[in-house]
Structures are given as C-alpha cells and as structure tokens.
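Notes follow the structure.
The values are calculated or read from the model by the stated rules, or taken from the named source; none is laboratory data. As the structure is a prediction and not an experimental result, all values here were calculated from the model. In this analysis, Cβ positions are derived from the backbone assuming ideal geometry, glycine residues included, and neighbour counts consider all displayed protein chains. Heavy atoms of the whole protein, side chains included, go into the accessibility calculation; ligands, DNA and RNA do not. Shrake-Rupley method; radii C 1.70, N 1.55, O 1.52, S 1.80 Å.
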Amino acid sequence: MSGGLHPPAPGALRLAGLTLGYDRHPAVHHLDGTIPAGDLLALVGPNGAGKSTLLKGLVGEIPCLEGAVLRGVPREAVAYLPQADEIDRSFPLSVLDLVGMGLWRWAGPWRSLGRRRGRVLEALAAVGLSGFEERGIGTLSGGQFQRALFARLILQDAAVILLDEPFTGIDARTLQDLLALIARWHGQGRTVVAALHDLDQVRAHFPSTLLLAREPVAWGPTRQVLTAANLARAARLSEAWDENAAVCARGPAGEAGHHHHGSGPTLVHGGQDHHDHAHHGHGHRHGDAA
Amino acid sequence: MSAVLSGLLAGALGPFEFGFMRRALVGCLALSVSAPPIGVFLMLRRMSLMSEAMSHAILPGAAAGFLVAGLSLPAMTLGGLVAGLVVALLAGLVTRVTALREDASLAAFYLISLAGGVLLVSLRGSQIDLLHILFGSVLALDDAALWLLGGISTLTLFALAVLYRPLVMECVDPLFLRTVSRAGGPAHYAFLGLVVVNLVAGFQALGTLLAVGLMLLPAITARFWAADLGGLIGASVLFGALASVAGLVLSYHLDLPSGPAIVLVAGFVYLVSMLAGPRGGLLRRLVRPRHLEA
C-alpha cells in the first residue's frame, strides 16, 4: 500500500513514515517522501526544527523511533559532514592523513595510501589547501579545517553527500569555493542534502528545498517552498519540547501516517521529479492528505 | 678520564653479571617495547587515568588466583587477565547501553573490583603478600614469567600494527569512522584488551600499582620530544627502555626496591623533559625564538 519497502533507485533516499528523536520525544515526525538521485536539496527550518536530526537519521547515526530510511546505496556510500564534528584537533595528525581518511572505502585498514597520494593532493588543491599537506591539523583555522573536511568528502567519492550547516563561520571566499564544489558534485549526478540557514543562499544555489519544522512544512522546488506563508507556518510549528507529551496516536509508518490533516505538509509537485515512479503512491496520498 | 668512563661502564654493566638481573632486564625491556606505545594511545585519547583504574581492577583477579594457588604466576596472571577484561568489557557495555560515560562506569567497576581484591587478599596471607602483589617482583622473574612478558610484548606489537589505522581514526574522528566502517567498536575493545594484557604483564614485573607507571610516564614524556604519532611511539619506547635499565642499575647499587626505582627514574625523566623538552617544555616557553615571517 505505501511506497513499499523495496529500496529506492540507486542514489536516492526514501523516508517511510520516518520519526526520529531522543528519549521518545520526536524531533522529526512522520516524514514521508523520496529524495531522488542527483537532487541538490536544501534542508531549511527554524532552530530545533530537526534538520540535524534528520541528517543523522539519514546516515544511520541515530536509530529511527518509527518508520525507516531506505537508501538506494550502501550505508558506507553515504558521506556525512556533521555540524559539530567530534574531531580531536589536538591529535598529532597531518592534514594529509586527515584528508586521506576519505579513502577508507578503497584502502580499508591496511592498504597503503602511498599509491593514492596524488589523489589526496588533488583533493587538497581542489579546496585551495595546496602546500598544507604536512601541517598538523591543530594549526588550521576554522575555515581551513572546513576546507580540509571537504577535501576528505571529495576523496570519499560518495553517491550521497549530507552536509550539516557546512558554512557556519566561513568567510565569503571560502563560501564561494565550497558552493562551487557542491555545484560540481551536483553536476556529477551525486545526491547532495545540506542543512542551511541562509535563505538567499538556498534560493541562489539549491534547486529544491525541504522546509522542516519537526514535520515537513513544504517540499519541492525552492521558489515554491520558500514562500512567506510557508515560512510563517514553519515558525509557528516549531513548538517547544513538552516533557509530558502524550504517546503519539498516529500509527506506525505507512498505516495511519497520513491522517494528520491538521499539520500536513504542502507538497509542491512542480517541475521537480520529486516523486519518481518508485515513490508514486506515497507522494500522491500525501498530496491528498494535505 | 678513560678510567672514569670505564668505571661508569662497569657500574652500569656490573649488576648484569647476575642471572636474576639479566632476567629482570629482559623482562623490563620486553615491557618497554609494548606498554609505552599503549600509553601513547591512552594519553592521546585522554584516557590516561583509565589505565590506573584498570590496574586496580586487575587486583581481585590476581588475589583470587593467589587464594587458590598461593604465589603462583599462572594462577595470578589468569585471574588478573579475567578480572581486567571483565571490568573493561562491562564498563564498555554500560557506556554503550546506558547514558553513563565510560570514565564514570569504569570508576564504579574498578572501585568495586579493588575493594573486593583487598578483601580477598586479607582473607588469607599477610601484609607481605599484599605488598608483593602491589609492588611486583622484578628480581624474581622465572622462565615462565619471561615467556609471558615476551609473548605479551609480541602480541601487542602485532595487534597495534593491525589496528593502527582504525585506532587512529577512532581517536581523531570516531563519528567519521562510524559512518564509513564498523571497525570502530572492535578496534576499541581490542585496544582495551591490549591495555589489560599489558597491565597484567607489568604486574608481573612491577606490581599492579607501578605497571601503570611504565605505561604512562614514557608516553607522557614523549609528548615533550616528538610531534607526530610515529615519533611519539618511538620516543616512548626509548624512554621506557632507559627507565628500565637505569632503574635496575640504581636499585642494584643503592639497594632499592627495583619496581619503584624504575618508575621513579621514568618520573625523573619526565620532570627533566617537562623543563627542557623542545616541544612545549618550560624552558622553551620562557626563551622564545623570534617568530618567522610567515
């Protein structure tokens, strides 16, 4: 009945009645839909809207409270740049070694990275860090470090790339470089999802947008999603954490997940290939509910 | 001049005319090759004090072995190994399934373990036995003990070589390792296992309390001399070996207990390095060379 639990097209991600959260309190509620392969999707919403939580759920870092994430690629082929990384910058490691971690899928625990040194240097050059390879990671500035992490993403060569607020504390020039890199990934047909705050940036560089306020408010072509009405609704919906919230009455994924008329998402079926065939039943029934 | 030198040399080598001193030297050198690199990783993961806790956790196992078989090396080793691994695994497990952080759960388990150990030892045996367990018997290493030390040292070096990359990644960026591989968990537990095994080895030679000394002091000292991981590991092994040799020689000439002598030499080297070490040493901070142009 629902979109089915068979995996989506390669490179696509399907969210089937996805509920994510902490301590049973959902941070993302009953999310349905498909991120098609090759999409360049901006994740937008107020603080606490569940953007980071959704990305963590997509990469499998936190378990689903309900529903599922179906990936059209193996979990290892999903690259993830977290907002608050857990990187120990005091560790005596060179930039080359940090960036070289991106080759893990090829190198595993034992293969020498020597033969791919050229690739690592290329990736460093692509983010403007040529000559930094022997520097310790502790000596990099915030922006340089972010560039290094993007170089690692290049080497990961992933079909799906998830970025959690990748431009926080980044100067204008670095921003332009990183946006160009993301555009290149998009051109290569990779699926890119980025949580962002700067709406002008989203309008200028991201063809599609998911506006999130713990529930999907609108999802589709950026111009049609980022309307004043939708943004106001998102702000209203991002309610406070209720310690004594009742148990959610909505059933598990795919059954009663579509009966929430009150706050259903506005699915914008523009020229976007938003619901590919695999996703058909889902998107339409969602449209009905909204 | 040469007379002074040869006198010094004789003083340094003289003690090793005796078989028990040679055995002690071999045992300590074996330990110096494996324990300090483990200490380097502990220090870099900010788990230095965790090894202290683990060393206490070993005590009840050794004590149980002592209760069953008296001062028997295999029994006490096996007991220590089991107790250490159980505490390490339990602490890791509690951390993964509850909200408690690893240091807190480890503290809880090792305190239980230590109290149990002291209780067990006092049930039978005297103060002297307790001292023996706590401070080791490097001058009484028999063949079995030497084989054990050598075996543990070899195992540790092989395991570190195999685990090196996942271990470094787990230290630097555990989240990244989790997203690309499932090797992080096994690498972490294998590393905890190596800590326990090396502490058990050290407990043969130096006793439970001082085993940590030879693991951590050379590693911390190396921080003042080397910048990258390879250098840290190399320097820590060197300092460990230096402390072992100098400690044994001193203990022979000055008639000191050898375990504490070794650790005190390691501590002395640490203090000197803290003052004079080229990487962040105190003198270096006071006398700064002028900064570069770029």
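Kindly indicate which of B:VAL40, B:VAL33, B:VAL87 is surrounded by fewer than 23 Cβ atoms within 10 Å (Cβ to Cβ) and of a type in the set (Val, Ile, Thr).
On the way: B:VAL40 fails: surrounded by fewer than 23 Cβ atoms within 10 Å (Cβ to Cβ); B:VAL87 fails: surrounded by fewer than 23 Cβ atoms within 10 Å (Cβ to Cβ).
So the residue among B:VAL40, B:VAL33, B:VAL87 that is surrounded by fewer than 23 Cβ atoms within 10 Å (Cβ to Cβ) and of a type in the set (Val, Ile, Thr) is B:VAL33.
Could you list, in sequence order, the residues of region B:43-55 that are of a type outside the set (A, V, I, L, M), closer than 23 Å to B:SER122 by Cβ and surrounded by fewer than 24 Cβ atoms within 10 Å (Cβ to Cβ)?
B:GLU52
Among what's in region B:142-168 and is touching a Pro at 6+ places or on another chain (Cβ under 9 Å) and without any contact (Cβ under 8 Å) to a residue 24 or more places away in the chain, pick the residue that is surrounded by the fewest Cβ atoms within 10 Å (Cβ to Cβ).
B:VAL162
Kindly indicate whether A:VAL192 is open to solvent by less than 50 Å² (accessible area, probe 1.4 Å) and away from chain B (no Cβ under 14 Å).
When the stated conditions are applied, A:VAL192 passes them.
Just one of A:GLU134, A:GLU86, A:GLU122 is surrounded by fewer than 18 Cβ atoms within 10 Å (Cβ to Cβ), of a type in the set (D, E, K, R) and touching a helix residue (DSSP H, G or I) at 6+ places or on another chain (Cβ under 6 Å); which is it?
Every option except A:GLU86 fails the conditions.
So that you can scan it fast, the table gives a plain yes or no per residue for (1) polar (S, T, N, Q); (2) out of contact with any helix residue (DSSP H, G or I) (no Cβ under 9 Å at 6 or more places or on another chain):
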| residue | (1), (2) |
| --- | --- |
| A:GLY138 | no, yes |
| A:GLN144 | yes, no |
| A:ASP171 | no, no |
| A:ALA180 | no, yes |
| A:ALA194 | no, no |
| A:VAL202 | no, no |
| A:LEU210 | no, no |
| A:GLU215 | no, no |
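How many residues does region A:22-39 hold that are surrounded by 22 or more Cβ atoms within 10 Å (Cβ to Cβ) and assigned to a strand (DSSP E or B)?
9
Please specify each residue of region A:68-98 satisfying the condition of being more than 10 Å from every other protein chain (Cβ to nearest Cβ) and either of a type in the set (Ser, Thr, Tyr) or out of contact with any Asp or Glu (no Cβ under 8 Å at 6 or more places or on another chain) (or both).
A:ALA68, A:VAL69, A:LEU70, A:ARG71, A:GLY72, A:VAL73, A:PRO74
Do we have A:ARG173 as away from chain B (no Cβ under 14 Å), buried (at least 22 other Cβ atoms within 10 Å of the Cβ) and of a type in the set (D, E, K, R) here?
Values: away from chain B (no Cβ under 14 Å): yes; buried (at least 22 other Cβ atoms within 10 Å of the Cβ): no; of a type in the set (D, E, K, R): yes.
Considered against the rule, which asks whether it is away from chain B (no Cβ under 14 Å), buried (at least 22 other Cβ atoms within 10 Å of the Cβ) and of a type in the set (D, E, K, R), A:ARG173 comes out as no.
Tell me, please, whether a residue that is of a type in the set (Val, Ile, Thr), part of a helix (DSSP H, G or I), open to solvent by 10 Å² or more (accessible area, probe 1.4 Å) and farther than 30 Å from B:ALA227 by Cβ can be found in region B:101-123.
Yes, that holds for at least one residue.
Go through region A:62-74 residue by residue and tally those that are closer than 26 Å to A:ALA213 by Cα and either open to solvent by 50 Å² or more (accessible area, probe 1.4 Å) or out of contact with any Pro (no Cβ under 8 Å at 6 or more places or on another chain) (or both).
Matching residues across region A:62-74 total 8.
Across region A:52-67, which residue is nearest to A:THR19 (Cα to Cα) among those that are within 12 Å of chain B (Cβ to nearest Cβ) and touching a helix residue (DSSP H, G or I) at 6+ places or on another chain (Cβ under 8 Å)? Outline the logic, then answer.
Of region A:52-67, the ones within 12 Å of chain B (Cβ to nearest Cβ) are A:55-56, A:58-62.
Keeping just the survivors that are touching a helix residue (DSSP H, G or I) at 6+ places or on another chain (Cβ under 8 Å) gives A:59-62.
Working: A:VAL59: 14, A:GLY60: 13, A:GLU61: 14, A:ILE62: 11 Å.
Among residues in region A:52-67 that are within 12 Å of chain B (Cβ to nearest Cβ) and touching a helix residue (DSSP H, G or I) at 6+ places or on another chain (Cβ under 8 Å), the one nearest to A:THR19 (Cα to Cα) is A:ILE62.
Looking only at region B:177-213, count how many residues are within 24 Å of B:PHE66 (Cα to Cα) and either open to solvent by 10 Å² or more (accessible area, probe 1.4 Å) or in a helix (DSSP H, G or I) (or both).
Final tally of qualifying residues: 19.
List the number of the failed condition for A:ALA158; all other conditions in (1) under 20 Å from A:VAL95 (Cα atoms); (2) within 14 Å of another protein chain (Cβ to nearest Cβ) hold.
(1)
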